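Report on the following structure.
The values are calculated or read from the model by the stated rules, or taken from the named source; none is laboratory data. What you see is a predicted model, and the numbers here were worked out from it, not measured in a lab. With ideal geometry, Cβ positions are generated from the backbone for all residues, glycine too; neighbour counts draw on all protein chains shown. In case anyone asks, the SASA skips ligands and DNA or RNA and just uses the protein heavy atoms, side chains included. Shrake-Rupley method; radii C 1.70, N 1.55, O 1.52, S 1.80 Å.
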Amino acid sequence: RYIDAYSYNRDLIFQAERTEVVEPGKYTLSFYGRASDGGEGSFGYVQVVSEGNEPVLYLKEIPGLGNMIEVDNLPHGWVKLTIDDIIVPEGATVKYGVSTDKMFTGKYCNVEYFSVTDFELTPKE
């Protein structure tokens with residue numbers, strides 16, 4: 001439920017994911033995240049994989065707000081993040097998680113740390 005990663009040199013390459021088979025439809029992924037002050041390149045993501053098609057990737061960057069600020073009544077730089085309108089076709093697999101890998105996200109990561117928790121994939125009505 002909780003992932004925390006740290007790199008003193010700000011050269012963190014990390015990826016963790018969960019795979020689920022869900023009913024076809026529209027979904028939302030919500031999670032809480034935080035990253036070091038000014039840090040960029042850490043992402044929550046959803047990847048929809050269906051046979052015969054290229055995987056579809058949805059990214060949400062974790063803002064680098066640091067540890068000392070309060071946003072939306074959440075202390076220490078935590079923010080609630082969502083990825084909306086995830087379309088899952090019949091027979092597709094859904095992978096979701098966190099990545100700082102430029103080869104996956106397309107953006108170099110310079111965070112000293114990031115944390116994520118409480119991932120929730122829910123169908124959208």
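Numbers below:
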read-out: Backbone N under 20 Å from the residue 56 label point (7 Å along Cα→Cβ), restricted to segment 1-34; value: 18-31
read-out: Members of 80/107; 102/124; 60/107; 80/102 lying beyond 19 Å, as alpha-carbon distances in this model show; value: 80/107; 102/124; 80/102
read-out: Over the chain: Rg over Rh, Cα atoms, Kirkwood Rh; value: 0.99
read-out: Value of relative contact order over the chain, rounded to a whole percent, pairs C-alpha under 8 Å and six or more apart; value: 45
read-out: Paramagnetic reach from residue 21 (point 7 Å along Cα→Cβ, amide N under 16 Å) across segment 73-91; value: 89-91
read-out: Extension reserve of the residue 49-residue 1 stretch, reckoned as 0.36 nm per residue once the Cα distance is removed; value: 15.0 nm
read-out: Full-stretch length increase - residue 30, residue 10 - with 0.36 nm per residue and alpha-carbon distance subtracted; value: 4.6 nm
read-out: Alpha-carbon Rg/Rh ratio, for segment 66-125, with Rh computed the Kirkwood way; value: 1.02
read-out: Taking all pairs of distinct alpha-carbon atoms in segment 24-86, Kirkwood radius in angstrom; value: 13.0
read-out: Surface share of carbon and sulfur [accessible, 1.4 angstrom probe, percent] for the chain; value: 48
